[in-house]
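Data block below; observations after.
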Amino acid sequence: MSPSTINRPFDNDRAEGIKRMKIDHSDSVIDQFYPGLFSQESRTTLRQLVESSTPYKHCKIFKLMNEDLLKRVHKEIYDKLNFTTKETDIYKVNQTGDLANLDGLGEEERSSLSALFELRNAIYSKEFRDFVSDVTGCGPLSSKKMDMSVNTYTAGCHLLNHDDVIGTRRVSFILYMPGDPADNYYWEPSYGGALELYPVIKPDTPANEPTVSVPPQWNQFAMFTVLPGYSFHSVEEVVVENKHRLSIQGWFHFPQEGEEGYVKDAEKSNSMSSLQQIEASSQEEEFKPFDTPTEPIEELSASELEYLSEWMNPVYLNKDSMSRISDKFLDDSVVQLKDILNEAAYRRVKAISNKADELDEFTEPKMPPHGKGVRGDWFAQGSPVSQRYLRLKDEINTEEETSVIYDQLRSFLKSDPFRHWLIVITQMTPIGYRGIVRRFRPGHDYTLATTNNHGKGLLDVTLCLATETKIVDVEKWESCEYGGYECYMTGHEDDDDPATYRSFDEDGALLTVPAGMNELSIVLRDEGVMRFIKYVSARAPGSRWDISYEYEVAE
């Protein structure tokens, strides 16, 4: 059965009749859940867990459904459903269509998914809605609005930090079905895929690291109240190969108009929407003026060429080469220069970077603990609702090796000779700059898509020094399957829903720059163009180290 079959329109009157028959008048709903779940003792225990939970109200139920029913659901999903891989700057996941649309299927198709149909209706039954409302204290929940899908996280799948505030969502839930029958549905926490909950520094601003981790287990149910500006969470990347973290994920909603308990605009709050949080969290720094005036330059002086040769590959200092590169940039508005550092300089930087990655165990395909890599003059830059990476302080105070070498590289890129080289290449005149030195750690770091709202084009200049310890690492970075690439994409015109996550596809992506081992990219980014650094997979060869500069240019 294809996803398009599940997603086709259905008759509302017929569907409502099915729901009433299957949900409101079923005498066997309680039997579809794990024995004892609805007991007073169970309710009391769960209420106490919810009340005492941090960083916000949540709980996990170790066994939710009748075991036989859940095993039949597991089999039906893999036998009958197809998954579509979906990827944006914030997630990568394999997903089915909305299970609310099961009601639109014909009798034969519906009977082939009888266990899934039974489970869906049990979860949205009055008995279970009342149970959820009772133990969470969230208030009444809608019987009309269903919002649920089947997800499977395979190697590389992940979901980055967000608060789930979209529309009328009131309670978020996940029912876990990981593993395989042959392994008795076993799932090792080191496989990844844990639900991570984050405290807030202030409303709408989550801390850089989570304080609660919920690894998947068979038949485990996790839920939390959706709280605007507070219920920040993520799903850790799955790192194990050839295993599936299967789950059913969904939301209970506020009562809709006409339902008991409906209150107009009850879901509204003063908190920011998801996209507003991203934009507020990634406020850009002001451009700095240069210490010396910038004038048009046709060629570099002998002293400038000598200075540049201390770091740069001599190929890029040759007059004919510079002319060809300039022509390409004027034609395409982008150039990518491989082996930009000379052999001695790159060997020195690579040795220090690789040593740090090996020390932090970032060259191993496993989920690293949070906080890894913070040493010397590096600190964690957030907020994770929009970005997370290690950033080098503007002024270093230690002798830590990576701090020193990357500070030296930064000084080189800020120098007048390099600025003059850039003028010759781009035929543009920089009048201001801003820049940062970053380390994107595997399993942790990324930036989400932000837009050039400066009112004119910006010149992006990025020196990328991704970790390479084996020959195969070059292919891995270039494949983009392990993240760390920089993506430029068209802005979303007429995007009136601030809660919609930005996605990219073949039509939207203007340019994708894989993480290079010793590569300088120069890109003229027009107003309205968005860009991001894709989450670096825990299975990547190591860190993406880079120095990223933006230049304000004269018109």
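The values are calculated or read from the model by the stated rules, or taken from the named source; none is laboratory data. Here the structure is a predicted model, which means the values were calculated and not measured. Here the Cβ is made from the backbone with ideal geometry for all residues, glycine too, and neighbour counts use every protein chain on show. For the accessible areas, the whole protein counts, side chains as well, though only heavy atoms, and no ligand, DNA or RNA atoms are used. Shrake-Rupley method; radii C 1.70, N 1.55, O 1.52, S 1.80 Å.
Round to the nearest 0.05 the FRET efficiency obtained for LYS80 and GLU481 when R0 = 41 Å and r is the Cβ-Cβ distance.
Efficiency for this residue pair is about 0.90.
Please compute the net charge surrounding MET65, taking Lys and Arg as +1 and Asp and Glu as -1 over other residues with Cβ under 15 Å from its Cβ.
Working: positive: LYS60, LYS63, LYS71, ARG72, LYS75, ARG120; negative: ASP31, GLU67, ASP68, GLU76, GLU118, GLU127.
Summing Lys/Arg as +1 and Asp/Glu as -1 gives 0.
Per the Kirkwood definition applied to all pairs of different Cα atoms, how many angstroms is the hydrodynamic radius of the stretch 339-400?
One over the average 1/r among Cα pairs gives 13.6 Å for the stretch 339-400.
Evaluate the Debye formula for the stretch 390-465 with equal point scatterers sitting on the alpha carbons, no solvent, and hand back log10 of I(q)/I(0) at q = 0.25 Å⁻¹, in q order, two decimals.
Result of the Debye calculation: -1.29.
Placing +1 at every Lys and Arg Cβ and -1 at every Asp and Glu Cβ, with all other atoms neutral, what dipole size does the chain have around its Cα centre, in debye to the nearest 20? Intermediate values should be presented prior to the final figure.
Details: 60 positive and 93 negative charges, 325 e Å.
That gives the chain a dipole magnitude of about 1560 debye.
Does anyone have the angle between helix 319-332 and the longest principal axis of the chain? Alpha-carbon axes, 0 to 90°, nearest 10?
Between the helix axis and the principal axis of the chain, the angle is about 30 degrees.
Using only C-alpha atoms and all pairs of different ones, pull out the Kirkwood radius for the stretch 428-490 in Å with one decimal.
Kirkwood hydrodynamic radius for the stretch 428-490: 14.6 Å.
Using only the Cα atoms of the stretch 288-438, what do you get for the radius of gyration and for Dmax, in Å?
Cα only, the stretch 288-438: 17.9, 51 Å (Rg, Dmax).
On the protein heavy atoms, probe 1.4 angstrom, tell me the percent of accessible surface of the chain carried by carbon and sulfur.
Ligands and nucleic acids excluded, carbon and sulfur give 48 percent.
So how tilted is helix 114-123 from the main axis of the chain? Cα-based, degrees 0 to 90, rounded to 10.
Approximately 90 degrees, to the nearest 10.
If one computes P(r) from the Cα atoms of the chain, what percent of pairs lie at distances over 37 Å?
For the chain, the fraction of Cα-Cα distances above 37 Å is 38 percent.
Using the beta-carbon distance between ASP416 and LYS366 and R0 = 45 Å, what value does 1/(1 + (r/R0)^6) give for FRET efficiency, to the nearest 0.05? All intermediate terms of the calculation are to be shown ahead of the outcome.
Working: r = 45 Å, r/R0 = 0.99.
So the FRET efficiency works out to roughly 0.50.
Simple spin-label model, 7 Å along Cα-to-Cβ: ASP332 to SER53 in nm?
5.1 nm
Suppose a student asked you for the relative contact order of the chain, using Cα pairs under 8 Å spaced at least 6 residues apart; what percent would you report?
Computed over the chain, the figure is 15 percent.
Could you work out Rg/(2.2 N^0.38 Å) for the stretch 352-501, with Rg from alpha carbons only?
The reported ratio for this selection is 1.19.
Return, for the Cα atoms of the stretch 168-215, the radius of gyration and Dmax in Å, separated by a comma.
Expressed in Å, the Cα Rg and Dmax of the stretch 168-215 come to 14.8, 46.
With no solvent and one point on each alpha carbon, what is the Debye value of log10 I(q)/I(0) for the stretch 106-229 at q = 0.12, 0.22 Å⁻¹?
Debye curve over Cα of the stretch 106-229, log10 I(q)/I(0) at q = 0.12, 0.22 Å⁻¹: -0.59, -1.46.
Exactly which GluC sites (Glu not before Pro) in the stretch 380-461 are in a DSSP loop and have at most 11 other Cβ atoms within 10 Å?
Filter output for the stretch 380-461: GLU395, GLU399.
Taking the convex hull of the alpha carbon atoms in the stretch 279-351, what volume per residue do you get, in Å³?
It comes to 182 Å³ per residue, whole-number rounded.
By how many nm would the segment from GLU358 to LYS393 lengthen if fully extended, with 0.36 nm per residue of separation less the alpha-carbon distance?
Stretched out fully, the GLU358 to LYS393 stretch lengthens by 10.4 nm.
What's the extension gain from ASP183 to ILE30 if we count 0.36 nm per residue and subtract their Cα-Cα distance? Let's see the in-between values first.
On the way: separation 153, 0.36 × 153 = 55.08 nm, distance 2.84 nm.
Computed gain between ASP183 and ILE30 is 52.2 nm.
In a solvent-free Debye calculation with one equal scatterer on each Cα, what is log10 I(q)/I(0) for the stretch 35-89 at q = 0.12, 0.26, 0.28 Å⁻¹, listed in the order of the q values?
So the normalised log intensities work out to -0.54, -0.97, -1.05.
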